[in-house]
Amino acid sequence: MKIKIHYSVVLQFIMILLMFAGCSTSPKIVVDIDYKETNHLQGIAADSNYIYWAFSKRLIKTDYDGNKLDSIVIYEDVLGFHFGDIAISNSKLFVATEENVLKWGEQSKIYIFNINNLASPINIIELEIPHPYTNHGAGAIAVLDGHYYVSGFFEENEEIKITEFNSDWEFIDQHKTEISNVKLGVQSMSNINGTLWIGCYEGDDNSLYIYDKTISEVGFNNFHTYYGVCQINNKDLFVGRTSKYGLTYVEKIAINKALKGI
């Protein structure tokens, strides 16, 4: 009897084994996706039981073993629709969204879901922001002390700005930062121990920028959080990752390790 070997399956199995080698110090949780259906990872969030994954084309909810429990696609056929980074607050999932990533900053919205049901958004906030805001819409969101902070795509060498709203989504301020010379602007933003962690593709050898709630700089280093980061307890993070072998996962990392050099 001849046995037919599917080498792609074998390779993927080997890669997963390699990833989980030494997982006692840095465990990884893999989510099984079809890249053609999801595109790449944009952001992550987590509560005590579940992980929420935002891909360009799809939102996915899993347990801590990576088993998919819920999923949603919105405007799948609309050119330029793009989920961005996400945040959780008061049992709600907030998704920074661009409805036309090709158009200059006119269709930025925040989709809000009940974390127990991703079937459809419970609210959609149309952002009213003075320009310049972002060149191509909302791409990152964080919740800090009841206020919402939103940012997104900027051209290289352009000064990054973060727009602040109160709990009723009323505009408060547009904060200028010292971040510049980064590719595609802000990719992720998260509340970690009361500070804003801003993840960018590398620029000037830095990738992570940390600010307090007044948008005063705390520090920066080259720790990669541009696929999303969230705090899971007092000392640990989940950090979004993708591998060259096509795997998408979150990695548990100590906050102190991420802060090295700051």
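Details
- The number of residues in the stretch 178-199 that are surrounded by 13 or more Cβ atoms within 10 Å (Cβ to Cβ), at pLDDT 85 or above and either of a type in the set (Asp, Glu) or over 17 Å from LYS109 (Cα atoms) (or both) comes to 8.
- Annotation: of all residues in the stretch 60-84 being of a type in the set (Gly, Ala, Ser) and farther than 26 Å from CYS200 by Cβ, the one that is modelled with the lowest pLDDT is SER71.
- At least 3 residues being of a type in the set (Ser, Thr, Tyr) is the threshold, and among the strands (runs of 3 or more DSSP E) wholly inside the stretch 160-262 those reaching it are 206-211.
- Selection from the stretch 251-262 of residues that are surrounded by fewer than 17 Cβ atoms within 10 Å (Cβ to Cβ) and among the small types (Gly, Ala, Ser): ALA254, GLY261
Here's the yes/no breakdown for (1) out of contact with any Asp or Glu (no Cβ under 6 Å at 6 or more places or on another chain); (2) within 17 Å of ALA87 (Cα to Cα); (3) exposed (fewer than 13 other Cβ atoms within 10 Å of the Cβ):
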site	(1), (2), (3)
TRP169	yes, yes, no
PHE220	yes, no, no
VAL229	yes, yes, no
ASN233	yes, yes, yes
TYR249	yes, no, no
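- The stretch 14-36, residues that are modelled with pLDDT under 85 and closer than 22 Å to ILE115 by Cα: ILE33
- SER190 being closer than 18 Å to ILE86 by Cα and touching a residue at least 60 places away in the same chain (Cβ under 8 Å): yes
The values are calculated or read from the model by the stated rules, or taken from the named source; none is laboratory data. The structure presented is a predicted model; accordingly, all values stated were derived computationally and were not measured. Virtual Cβ from ideal backbone geometry, glycine too; neighbours counted across all protein chains shown.
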